[in-house]
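**Student:** There's a structure below that I have some questions on.
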Amino acid sequence: MTTDLVIEAEGLIKHFGETKALQGVDLSVARGTVLGVLGPNGAGKTTAVRILSTLLVPDGGRARVGGFDVVKDAERVRQTIGLTGQYASVDEDLTGRQNLQLIGVLLDLGKAQAKVRAAELLEWFDLTDAADRPAKTYSGGMRRRLDLAASLVGRPDVIFLDEPTTGLDPSKREDMWNVVRSLVDDGSTVLLTTQYLEEADALADEITVIDHGRVIAHDTPDGLKRIVGGQTLEVRPSDLSRLEETAAILRQVSDGRADEIRKGVLAVPVSNDEAMTATVARLAAAGIAVTELSLHLPSLDEVFFTLTGRTASEDDTTTTKEVAA
Amino acid sequence: MSTTTLDAPRRPSTPSAAAPRPTKRPFPLVRHSLALAKRSLIKTWRTPEALIDVTLQPIIFLVIFVYIFGGAVAGGTQEYLQFLLPGILAQTIAQGAIAIGVNLNTDLEKGIFDRFRSLPIPRSAPLVGAVSGDVVRYVIVTISTFAIGYVMGFRITTDPLSAIAGCLLAILFALCLSWVSVFVGMKVRTSGAVQGIMFLVIMPLSFASNVFVPTSSLPSWMQTFVAWNPLTHLVASMRGLFLGAPLGNHVWWTLAWCVGLVVVFMPLALRAYRKKV
């Protein structure tokens, strides 16, 4: 059985002068699924998205979106895709409605259809009240929604979301996640880039991790978590003298050892979601009060440390030079 | 945005069952450019302060130059006003072309062009649209200049048709000169630099010309430059069309410059735009 690949990229290469943004990246996304492209700033995520959305021509490799070559058939690709950039690309002087209508007219929907579509999307993104205000008066979250709405005017089959939640506060992030989920429910194929494992885990069917323009891992969220370690439970007892007792309880609920990661904060790796409830129950039974109790996925830094042996933020110029030579 | 709102009204149709793909309509460049020109007009309408250069400058220049230099250069303010107005119109309209390069440069930084470039429209449409939308600025310069000119005593001595032809020629020239500004706007990094470079281009064109003084008063080496200067020909054409001065070949020279500017700078600007990352 062959899977129906909507996005397939092989060996994408792109250099900007001395900077090797992409050094042979492969990506593939099956119809109706979400691929999360995870990587730190400067890893090449945006460059990959710009190539797949026909904004950039690759120096090497090839890519097809919706069955069309992004270089030779760029026009056809543009009819298939919707792009939401890292920086909300809406026209600030136009109202939300004018922004969406303009895109509709440019997509040849015709004036009447463009109006209907704009109204639909404004409603759907909860922007109807602000529809006739210039976009410059919108909050960051509203701008993101308008930007996303603009990319959906033409009912694209394939949607590129370049760091859709960077800079949004956590509650707005959840909203954006729900939007992405409903797009996928409606049958869209989504490629989303992110700096958060948590986000990729929440949305993606598969995750590709890239670093310095190369793919360093590709797996399902569960597979990736098996490699980089699953969730960590962090506990801070209010009474520091009971740290040892707390550690003993933590060791019981998990198979790992409890480390004191910060002063008075214990961390223990946990493999299942019941661990949290079990911990709470046992701490309560022992009469240990806590000021902090939380469950974390590894941060991007931790993911990268596990995969590459160095942190994501380290500027590793030596490796780049060696590759260049 | 609350989660409930998101769940309630589903997207009206799924992308795969998409409404019939819009059929290809003819003349995409013209239609899309017009849609984008409308965008420029809305922007202009929303930020009237961006029109200060084309509304107040001709007024200030006319008042200052006529009353300061009138007596010395032409022996009287009235004569000088008749002589100067076409020149000031040409100068302001040329400077009005600076704004488009500055604006497009700012637009590029904001990422709105990424959206346009990801749409199935001709790649040049956003630029052609922006340039066309600027017509309104040039019309405003023209009206503003004539309004203050008439208050100060300027009179057209030919017929209305010739006068309109003169104005149209000036607006056409400005549209063609815009492409130089667009090119610079695509090439340099900051909008401030666009302004600076374009000012350096427009400044010698306006002063080393027949705008302020009769060319016969200039040193001979400069007269060679003046004779080639497109603004000289534009101003001479307007003096002919507004005041009945001898037209010579000036209209043809102006049109030749228009064609030349577009032929050279439009492809350069479009190429720079396509390359812009």
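We did not get these values from a lab; they are worked out from the coordinates using the rules stated. Computed from a predicted structure; not experimentally measured. Every residue, glycine among them, receives a Cβ derived from its backbone with ideal geometry; neighbour counts consider all protein chains shown.
**Student:** Could you give the semi-axes, largest first, of the ellipsoid that matches the stretch B:29-71, computed as the square roots of 5 times the alpha carbon gyration tensor eigenvalues and rounded to whole Å?
**Tutor:** Ellipsoid half-lengths, sorted descending, are 36, 12, 4 Å.
**Student:** Taking springs between alpha-carbon atoms closer than 10 angstrom, which of B:ALA245, B:ALA174, B:ALA94 fluctuates most in the Gaussian network model of chain B?
**Tutor:** Residue with maximal mean-square fluctuation among B:ALA245, B:ALA174, B:ALA94: B:ALA245.
**Student:** In µm²/s, what is D for the stretch A:1-128 at 25 °C and 0.890 mPa s, where D = kT/(6 pi eta Rh) by Stokes-Einstein and Rh is the Kirkwood radius from Cα pairs?
**Tutor:** Translational D for this selection: 148 µm²/s.
**Student:** If you take the alpha carbon radius of gyration of the stretch B:48-200 and divide it by 2.2 N^0.38 Å, what ratio comes out, to two decimals?
**Tutor:** Numbers: Rg = 17.8 Å, N = 153, 2.2 N^0.38 = 14.9 Å.
Normalised by 2.2 N^0.38 Å, the Cα Rg of the stretch B:48-200 equals 1.19.
**Student:** How big is the Kirkwood radius of the stretch A:5-226, worked out from every pair of different alpha carbons and given in Å to one decimal?
**Tutor:** Kirkwood radius, the stretch A:5-226: 17.6 Å.
**Student:** Going by C-beta contacts inside 10 Å, put A:ARG133, B:ARG137, B:ARG189 in order with the fewest on the left.
**Tutor:** So the ranking, lowest neighbour count to highest, is B:ARG189, A:ARG133, B:ARG137.
**Student:** Against the longest principal axis of chain B, how steep is helix B:135-152, in degrees 0 to 90 to the nearest 10, with axes from Cα atoms?
**Tutor:** 30
**Student:** Roughly how tilted is helix B:28-46, in degrees to the nearest 10 and between 0 and 90, from the longest Cα axis of chain B?
**Tutor:** Once rounded, one gets 70 degrees.
**Student:** Here's another thing I want to ask about it. Can you give the longest run of chain A that contains no GluC sites (Glu not before Pro) sitting in a DSSP loop with at most 13 other Cβ atoms inside 10 Å?
**Tutor:** A:19-313
**Student:** So in the protein assembly as shown, which Cys have no other cysteine's beta-carbon sitting under 4.7 angstrom from theirs?
**Tutor:** Flagged as lacking a Cys partner: B:CYS167.
**Student:** Here is a follow-up. Using a ≥ b ≥ c from the Cα gyration tensor of the stretch B:132-262 (square roots of the eigenvalues), is it rounded, prolate or oblate, where a/c under 1.5 gives rounded and otherwise the larger of a/b and b/c decides, a/b for prolate?
**Tutor:** On the way: a/c = 1.73, a/b = 1.27, b/c = 1.36.
Note, shape of the stretch B:132-262 comes out oblate.
**Student:** List the lysines whose Cα sits under 29 Å from the Cα of A:LYS20, skipping any in the same chain fewer than 8 residues away.
**Tutor:** A:LYS45, A:LYS72, A:LYS225, A:LYS321, B:LYS110, B:LYS187, B:LYS275, B:LYS276
**Student:** Could you work out how far the C-alpha centroid of the stretch A:235-291 sits from that of the stretch A:1-77, in angstrom?
**Tutor:** Answer, in whole Å: 44.
**Student:** Right, here's the next one. Once the Cα atoms of the protein assembly as shown are picked out, what are the Rg and Dmax in Å?
**Tutor:** Looking at the protein assembly as shown, its Cα Rg and Dmax stand at 31.2, 106 Å.
**Student:** Can you give me the span-like helices of chain A, meaning DSSP H runs with 15 Å or more of Cα extent along the axis and Kyte-Doolittle mean at or above -0.5?
**Tutor:** Helices meeting the span and hydropathy rule in chain A are A:96-106, A:111-124, A:140-152, A:243-253, A:274-286.
**Student:** Now a separate question. With point charges of +1 on the Cβ of Lys and Arg and -1 on the Cβ of Asp and Glu, referenced to the Cα centre of the protein assembly as shown, which listed residue (B:GLN223, B:PHE207, A:GLY39) lies farthest in the positive direction of the dipole?
**Tutor:** Of the candidates, B:GLN223 comes out farthest on the positive side.
**Student:** If the viscosity is 0.890 mPa s and the temperature 25 °C, what Stokes-Einstein diffusion coefficient in µm²/s follows for chain B when Rh is the Kirkwood radius over Cα pairs?
**Tutor:** 119
**Student:** For chain B, take the longest principal axis of its alpha carbons; what is the angle in degrees between that and the long axis of helix B:230-243, to the nearest 10 within 0 to 90?
**Tutor:** 70
**Student:** From the alpha carbon gyration tensor of the stretch A:231-296, can you work out the equivalent ellipsoid semi-axes (sqrt of 5 times each eigenvalue) and give them in Å, largest to smallest?
**Tutor:** In descending order the semi-axes read 16, 13, 10 Å.
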